[in-house]
Amino acid sequence: MGHRHSPWDQRFGHGGPPPWVQGLLGWGGAPGATPSSPGPRAKRGDVRLAILSVVAEAARREEPINGYQVIQQIAERSDGAWRPSPGSVYPTIQQLQDEGLVEADDARGRRTLQLTAEGQAYVAAHTADLDAVWAPYERATQRATTGTSGDLKSEIGQMMSAVWQIVTQGSDAQRKAAIGVLVDTRRALYGILADGAAPTGRGPDGADEPDDGSL
């Protein structure tokens, strides 16, 4: 499947956020270089362990889970810092099936996943490895909530990562919902600048900012 170009892709290229965002977050580097991520990066083999972890957790909650939901759960578990692509998740699921650790159930009209008996034994024997996959993201979340001076840039980076995913991968409905969130956030920030005054949606020069529905 080809890359779906967004308006930001057309203006800035699709290698990452636009240059002004990179500069704001201190992601600078050589022209044309891909900026480094402000958060943890997944290592080789982490996708495999993460899939087993979320499938096992779904079984403990007695909830069905499919491949798309696996991707969602990994993103949620990492607080949005890691969202593996379908191109890495689905082949890994197939590999786990070939190894006899995971099996698919099509009985309910949707391809749900569950651990086999061998998979349950593997998860029980590798608890430390599965926990280690999430440890970097848990530490990053803890740092972001300690109230230190560097947290604002970290939080901006995480927010822009989420926005970038919606801009490049989201549906029209998801982009529309994101616009509402960003408008509310912008107004709340101006409210903070006004020493707690009610957010008005005015720009820094006092003029009303139009809500034109564009990201």
- Output yes when any residue across region 64-79 is of a type in the set (A, V, I, L, M, F, W, C), at pLDDT 90 or above, in contact with a Ser or Thr (Cβ under 9 Å, 6 or more places away or on another chain) and part of a loop (DSSP other than H, G, I, E, B), and no when none is. yes
- Could you identify the single residue in ASP129, ASP184, ASP195 that is assigned to a helix (DSSP H, G or I) and either at pLDDT below 85 or open to solvent by 80 Å² or more (accessible area, probe 1.4 Å) (or both)? ASP184
- Note on the structure: Going through region 66-102 in order, the residues found to be open to solvent by less than 30 Å² (accessible area, probe 1.4 Å), without any contact (Cβ under 8 Å) to a residue 24 or more places away in the chain and closer than 27 Å to ALA121 by Cβ are ILE71, GLY100
- Query: Based on what the data block shows, is GLY109 within 14 Å of VAL47 (Cα to Cα), surrounded by fewer than 13 Cβ atoms within 10 Å (Cβ to Cβ) and either at pLDDT below 95 or under 25 Å from the mean Cα position of the chain (by Cα) (or both)?
  - Reply: no
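The values are calculated or read from the model by the stated rules, or taken from the named source; none is laboratory data. It should be emphasised that the depicted structure is a prediction, and the values quoted were computed from it without experimental measurement. Note that we place each Cβ from the backbone using ideal geometry, even for glycine, and neighbour counts take in every protein chain shown. To get the accessible areas, we keep the full protein, side chains included, count just its heavy atoms, and leave off ligands, DNA and RNA. Shrake-Rupley method; radii C 1.70, N 1.55, O 1.52, S 1.80 Å.
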